[in-house]
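Heads up: the structure comes next, in structure tokens.
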Amino acid sequence: MTQSCAEIAGVTVSLDHWIDGRRVSSPERFSNASPIDGSDLGAVSAAGQAEADMAVKAASKAFPAWAALGPQGRLPILRRFAEGILARGKDIAAVESLDNGSLLMGNLHRMVPRAAQNISFFAEWALGLNDHVIDHEEVINNVRYDPSGVAALITPWNAPMMLTTWKVGPALAAGNTIVIKPPEWAPLTCSLLADIAHEAGVPPGVLNVVQGIGEVAGDALVNNPDLARISFTGSTDTAKIIGQAAARSITPMSAELGGKSPFIVCADADLDAAAQTVAGQYINAGQVCLAGTRILVEKSIEAEFLDKVRAAVSHMTVGDPREAATRVGPLIHPEHFARVAGFVERAKAAGGEVLWGGGQADAGGLYFQPTMFAHVSPSDEIAQKEVFGPVLTWQTFASDDEAIAIANGTEYGLAGTLFCGNEARAMRIAERVVAGTLWVNCFFVRDLAAPFGGSRISGIGREGGTHSFDFYCDIKNIAVRKGSFGAAGG
Ligand code: NAD
């Protein structure tokens with residue numbers, strides 16, 4: 001008899017798909033282990049073509065009724081959905097932490113509230129979408145945001161609950177129905193999300209979850225011709241493959257991808273705040289797409305600033321992410337550990353100087369030391385490619401032009417961070433760095449209304465506020481000739 005549920009951190013989690021309002025099991029399974037200690041978290045149903053097709057079919061069938069509810073009709077259901085996420089916050093945080101090794105306290109206090117907001121914020125925002133009128137001398141242009149159909153939502157393992165709801169919120173609020181393909185290295189909280197949606201009254205077929213391996217389940221999903229949208233967050237390499245499927249059917253695709261973001265520190269900055277924020281780039285073992293992984297320091301303060309960063313990093317505890325004192329948990333998977341270690345070994349062989357770290361942490365297993373490389377050339381692999389681990393590089397600059405040239409000298413353009421004491425100088429630098437988001441004297445603060453996305457190979461499109469609806473909706477103009485209905489209107 002195939003296992004259909006697991007007890008994870010005292011929470012019962014279904015290991016099966018959620019399709020058309022019911023659990024569906026597959027004979028094929030994939031194994032899932034906790035990165036904290038390698039413990040078995042159960043054998044999860046692995047979808048193939050049949051399950052992916054079944055989910056898209058269910059979502060297509062549910063679409064007309066969900067779309068017809070309108071934003072006002074959907075609002076109470078989505079509010080209950082957001083409240084359900086908050087009500088099960090402790091369960092979600094505990095399961096996520098065990099499943100992907102992320103910090104329990106961060107999940108509880110930041111990720112869960114944000115996940116709930118992702119649903120309620122977009123549900124409220126949708127109420128005003130169709131108010132947009134452009135008054136031309138001959139016609140009234142009524143700009144309408146119509147639901148587009150079935151959206152496939154594909155997410156990575158580093159923050160599944162937060163990143164999935166960032167797509168689920170606007171997609172459902174827009175009136176679309178959805179098929180979620182969770183990450184195979186951390187699938188469990190998306191399964192909880194299906195339970196919560198169901199309890200909130202999201203009708204059968206409106207939200208579906210298809211578990212499985214990316215190259216199989218994900219591939220079957222994105223090649224389904226009945227999709228209206230594909231929303232993907234993950235690596236640039238996978239986006240190139242999914243983009244080919246999207247191109248074959250002219251399906252609009254949004255892509256939030258990897259980064260190699262610069263972190264620029266000017267001599268006149270608040271160096272204590274900057275040093276603490278540099279140390280913060282190691283949180284969640286650096287498995288954060290937005291992390292500023294290339295530290296660029298103004299030459300005149302290099303020695304002073306290095307001391308401050310070294311001190312801040314020395315206070316970071318590496319270990320079990322469920323402990324409140326831990327700042328750096330494990331890497332997600334043995335394969336990923338080998339990938340990160342490979343980057344580090346090649347950087348050493350290429351002449352990079354290890355300022356601290358450089359290998360497995362004392363905790364053993366998948367725990368990697370916070371690592372800093374100096375004496376790297378901007379063209380070295382370690383300064384060019386996304387490691388997605390606790391590995392930073394240390395470079396210096398002598399002028400703003402040089403800082404900007406190094407900052408812009410990779411293929412990526414996801415984000416950037418700048419610490420600077422002079423507003424005019426800060427804005428001059430910030431305007432010239434290629435990035436979807438550039439933080440000045442802060443990091444990671446993200447308003448749900450603000451545009452979010454990546455430039456260059458870090459992404460396609462922007463989401464957040466109206467930008468999300470620009471993607472998830474079919475935008476239409478109903479242009480009505482003025483006076484054509486007479487004074488009485490018809
Ligand atoms: P990944 O690209 O390997 O996988 C992401 C998702 O795509 C998974 O669900 C996977 O199963 C699926 N997938 C894989 N192959 C597929 C295929 N052929 N067809 C359809 N789906 C497929 O990425 P990952 O290793 O899970 O995540 C790490 C990457 O995600 C990093 O590059 C990181 O920077 C990026 N990321 C970006 C953001 C952002 O907002 N820009 C946020 C988090 C993570």
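What follows draws every value from the coordinates through simple rules; no lab data is involved. Everything numeric here is computed off the predicted structure, so don't read it as measured data. Because the Cβ atoms are built from the backbone with ideal geometry, glycine has one as well, and the counts that use them run over all protein chains shown.
For the chain, what is one quarter of the convex hull surface built on the Cα atoms, given in nm²? Mind dumping the intermediate values first?
Numbers: hull surface 99.7 nm².
Answer in nm², one decimal: 24.9.
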Long pairs among LYS260/LYS348; LYS90/LYS260; LYS167/LYS260, criterion Cα-Cα beyond 21 Å: LYS90/LYS260; LYS167/LYS260
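Find how much the distance from ASN422 to ARG481 grows on full extension, using 0.36 nm per residue of separation minus their present alpha carbon separation; answer in nm with one decimal.
Working: separation 59, 0.36 × 59 = 21.24 nm, distance 5.29 nm.
Stretched fully, the ASN422-ARG481 segment lengthens by 16.0 nm.
Count charges around ILE119 for me, please; just the other residues with Cβ under 12 Å from its Cβ, Lys/Arg as +1, Asp/Glu as -1. Don't skip to the end; give the middle numbers.
Working: positive: ARG74, ARG79, ARG80, ARG114, LYS167; negative: GLU83, GLU124.
Its environment carries a net charge of +3.
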Packing-based ranking, highest mean first, of 11-19, 380-388 given that Cβ atoms within 10 Å are counted: 11-19, 380-388
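Of LYS240/LYS385; LYS61/LYS482; LYS240/LYS299; LYS61/LYS476, which ones are farther than 27 Å apart at the Cα?
Values: LYS240/LYS385 16 Å; LYS61/LYS482 38 Å; LYS240/LYS299 38 Å; LYS61/LYS476 23 Å.
Over 27 Å Cα-Cα: LYS61/LYS482; LYS240/LYS299.
If you take every residue apart from LYS482 with its C-beta less than 12 Å away from the C-beta of LYS482, what net charge results, scoring Lys and Arg +1 and Asp and Glu -1?
Values: positive: ARG481; negative: ASP135, GLU137, GLU138.
Here the count lands on -2.
Determine one quarter of the surface area of the Cα convex hull of the stretch 389-435, which equals its mean projected area, and express it in nm² to one decimal.
Values: hull surface 15.4 nm².
Projected over every direction and averaged, the Cα hull of the stretch 389-435 covers 3.8 nm².
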Overall form of the stretch 30-73 per C-alpha gyration tensor (a/c, 1.5; a/b vs b/c): oblate
Cysteines having no other Cys beta carbon under 4.7 Å from their own, within the chain: CYS5, CYS190, CYS289, CYS442, CYS473
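In debye, nearest 20, what is the charge dipole magnitude of the stretch 261-440 about its Cα centre with +1 on Lys and Arg Cβ and -1 on Asp and Glu Cβ, if you could check?
Values: 13 positive and 22 negative charges, 64 e Å.
Dipole size: approximately 300 debye.
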Shape category assigned to the stretch 341-490 from the gyration tensor of Cα positions, a/c cut at 1.5: prolate
Label-point separation, SER377 to GLU402 (7 Å along Cα→Cβ), nm: 1.7 nm
Antiparallel bridges, percent of DSSP beta bridges restricted to the chain (to nearest 5): 45 percent
DSSP beta bridge pairing in the stretch 261-440, given as percent antiparallel to the nearest 5: 15 percent
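Report Rg(Cα)/(2.2 N^0.38 Å) for the stretch 261-440, keeping two decimals.
Compactness ratio reported: 0.98.
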Separation of the GLU411 and GLU345 label points, Cα + 7 Å toward Cβ, nm: 2.4 nm
